[in-house]
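*Asks:* Below: one structure in structure tokens.
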Amino acid sequence: MIPHNELVHSTEFWLENIQDDLYSRVKAYMKKNDINQTELAKELGVSRAYISQIMNGSFNFTLKKLIEISLHIGVFPDLKFIPFESPEINKYSKEEVLSKKLSPKNNIFPNLYEPGSAYQNADEFMENILNESTPQ
């Protein structure tokens, strides 16, 4: 099991938090504008496969592309750098992670339980979060 302090120090945790936020915002944009992935891809000048990767959480974008997509869907990207000792890091508590309603179908943090990772599946990941004490 990975303690909270170690989890928030992992690249995968932060990458997948950003991926999850972008996914939610792209999905809302598509719904609001009544468009599908092909139409969004055309608007952005990217392939439909790229949009599919965003929607499946299996992408790793450049900072420039993240900014382009964000601005296109009507949101300003806000990348903050938080010191490790900042109390703000505690907002990434088990409650915040649980609020994402992780499940094998809604795979918000897929890289955390890929082969060779600390977790082998969503249930193991969730069990760790549920059994963890208050963040350090």
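*Asks:* When you scan the stretch 33-86, how many residues do you find that are in a helix (DSSP H, G or I) and within 23 Å of Glu12 (Cβ to Cβ)?
*Replies:* 15
*Asks:* Across the stretch 26-42, what is the number of residues that are in contact (Cβ under 8 Å) with a residue 24 or more places away in the chain and surrounded by 16 or more Cβ atoms within 10 Å (Cβ to Cβ)?
*Replies:* 2
*Asks:* Give the residue that is modelled with the lowest pLDDT, with candidates limited to residues of the stretch 1-11 that are outside any loop (DSSP other than H, G, I, E, B) and buried (at least 17 other Cβ atoms within 10 Å of the Cβ).
*Replies:* Only one residue fits best here, namely His4.
The values are calculated or read from the model by the stated rules, or taken from the named source; none is laboratory data. As the structure is a prediction and not an experimental result, all values here were calculated from the model. Virtual Cβ from ideal backbone geometry, glycine too; neighbours counted across all protein chains shown.
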